[in-house]
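The values are calculated or read from the model by the stated rules, or taken from the named source; none is laboratory data. Worth saying up front: this structure is predicted, and the values here are computed from it rather than measured. As a convention, Cβ positions derive from the backbone with ideal geometry for all residues, glycine included, and neighbour counts pool all protein chains shown. Quick note on the areas: whole protein, heavy atoms, side chains included, nothing else; ligands and nucleic acids left out. Shrake-Rupley method; radii C 1.70, N 1.55, O 1.52, S 1.80 Å.
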Amino acid sequence: MSPSAPPPPTSDELANAFDAAHRWLARDPDPETSGGLKALLKAAEDDPTGEAAREVVGLFNGRIAFGTAGLRAALGPGPNRMNRLVVRQTTVGLMHWLDAQGTPNPVVVIGYDARHGSKNFAADTAGVVASLGGRALVLPGPLPTPVLAYSVLARSADAGVMITASHNPPADNGYKLYLSDGIQLVSPADVEIARAIHVVAAGDLPPIDLEHANIERLGDQAVAGHLDAAVGALRSTPREVRTVYTAMHGVGGQHLLRAFERAGFPAPDVVAEQFDPDPDFPTAAFPNPEEPGALDLALALAEQVGAQLVVANDPDADRLALAIPARAGSSGAAFVPLTGDQIGVLLADHLLRHTSGEDRMVSNSIVSSQLLGQMAAAHGVEHIETLTGFKWVARPIVDRPDRRLVIGYEEALGYCVGDAVRDKDGISAALVAAEMVADALAQGETLWDRLDRLALIHGLHLTGPVTVRLPGDDGMARRSALLAELVAEPPASLGGAALVDHLDLSLGRDLPPTPGFVMRFDDGTRVIVRPSGTEPKLKSYIEVVEPVGGAEDLSTARERARARLERFQTELDQRFSS
């Protein structure tokens, strides 16, 4: 039987799930999810071996994991889905944990996006906080995640909760948690809070007042504060650039337009079909700017209006994607999306050339390009390599108070410019990107010219992924098994190059322990394989470095690098797919 069609549940499994479901119904505050669950239970009773019975067992077999990114799952009833009862239980657990940390009456800022259920989940979160003695500060409407992250610091809050599933499919939602330092939590806090949530879920909830006097609706000053911080990240004066923008049906649109106006840039041409928030994401079923086809409407508009830059946010506007006009004389598409690493090093190049001081530092995740470290050394700036995730990339801001973060980035389109927001921020990064292009245009350059200059100095760095999706109920287990097999028996060679060194990241030598495996080859290629933190996927990050013999060698160096990268990608894909 295929992984997507598990066997019928046993009578004991179904009986246990029915018991859990009826206990759930007694607590569920949402008539929509409780009504759906009752209908599902009736269908399972009528056919104990059918799809409804399997679904009931799946809904009540365990609990959605609470990790360093909080919660994220499909909407629906039961502890394995996102719903109002899970949100309430999670927030009660958070409040108990804060009390145990010596913060009995915490201030908690709460934000939400425009996804299905987000407004109600935010209201439930605020109701729990206020009813348990805290003060809930709710942002004024659906807003980008960076506004919430900024507000945690601006309000000197003890925690922040953002209701969002970022760029997940329309059926999902999530609960993202920040602590008082403005950064997403790391261990052991995540484990301790998860333990507190499990204790809460085993019993009854306290009375919750959704209109409690300790719930405060914040005004536009919260939004204006983030806009001021975003504009404060700018470092040079040119502003003339024609931009096309897509909000990807998310909440970034109006906020970004206000930011561009505040900074003095011309108003972007917007992709009208994707500008207004729409939780169904009608033109992008998987609204991630990295996904093939996600930028098609923006690229078409850019060609139509003669734009010089394409800017895209994901639905909660914490990520940034860019596309620029193709190299002069190249064939094919008129606009080319930049990779996450290309954007990261270009932003770093711009900011490092427009800042000064021995206290500067830059950071990026271990799976991002090694080029940033070489650039930092050339500028006399400290470079910090971190684990994947912005809870690590931004952490040097608090771990190194003697230093000033110029930029932190990860290759998955996440950028932190400055320290006003201690998380990835697709709004402030978009402003810096527009400034960077305007600056290049004022000097008669393109971003390709700047990438070429970096290649001449540091060698041509080319990165590319291999992602293996593992569908089915056993996908997470198969993901772990594939990684374990690689660690136990790494390949002697890949892409025609011999393996010369490898490191199991779970051993935690230079960084905290994390699942992953690093391989280095005798041609200078580095490959890192790690499991996705939230999905049944195994990800490989390949970086080839090609020496450049001078400006006349740039074109052939790019061809050599692409050929090497494709060889590694092909062989890795074959290994994991066989």
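The table that follows gives values for the structure above.
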read-out: Enclosed volume per residue, in Å³, of the convex hull spanned by Cα atoms of the range 385-449; value: 105 Å³
read-out: Net charge, Leu301 excluded, C-beta distance under 12 Å - Lys, Arg +1, Asp, Glu -1; value: -3
read-out: Simple label model, 7 Å out from Cα along Cβ direction - Arg562 to Ala333, nm; value: 1.3 nm
read-out: Dipole moment magnitude, nearest 20 debye, the chain about Cα centre, only Lys, Arg, Asp, Glu C-beta charged; value: 580 debye
read-out: Volume per residue that the Cα convex hull of the range 497-566 spans, once the total is divided by residue count, Å³; value: 122 Å³
read-out: Candidates per GluC sites (Glu not before Pro) in the range 169-271, loop by DSSP, up to 15 other Cβ within 10 Å; value: Glu211, Glu240
read-out: Convex hull volume per residue in cubic angstrom - Cα atoms of the range 445-535; value: 157 Å³
read-out: Near-label residues of the range 266-306 by backbone N, under 13 Å of a point 7 Å along Cα→Cβ of His116; value: 279-282
read-out: Computed Rg/Rh of the range 206-365, alpha carbon atoms with Kirkwood Rh; value: 1.03
read-out: Taking the convex hull of Cα positions in the range 226-291, its mean projected area over all directions (nm²); value: 5.1 nm²
read-out: Potential extension, Arg453-Val305 segment - 0.36 nm per residue separation minus Cα distance; value: 50.4 nm
read-out: Debye equation applied to the C-alpha atoms of the chain, log10 I(q)/I(0) at 0.07, 0.08, 0.11 Å⁻¹; value: -0.43, -0.57, -1.08
read-out: For the range 186-285: span of alpha carbons on each principal axis (Å, largest first); value: 59, 34, 34
read-out: The range 151-222 - Rg and Dmax from Cα coordinates, angstrom; value: 14.9, 40
read-out: Student exercise, the range 299-430 dipole from Lys, Arg, Asp, Glu Cβ charges, in Debye to nearest 20; value: 160 debye
read-out: Distance between modelled label sites at Glu489 and Val398, nm, 7 Å Cα→Cβ extension; value: 4.4 nm
read-out: 22 Å tail of the calculated P(r), the range 383-536, as % of Cα pairs; value: 58 percent
read-out: Bins of 5 Å, starting at 0 and running to the largest distance - Cα pair percent for the range 302-383; value: 3, 12, 20, 18, 17, 15, 10, 4, 1, 0
read-out: The range 270-417 - Rg over Rh from alpha carbon coordinates, Kirkwood radius; value: 1.02
read-out: When the convex hull of its Cα atoms is projected in every direction, mean area for the range 18-159 (nm²); value: 9.1 nm²
read-out: Fraction of accessible area attributable to carbon and sulfur, the chain (%, probe 1.4 Å); value: 51 percent
read-out: The range 266-309 versus the range 515-565: alpha-carbon centroid distance in Å; value: 29 Å
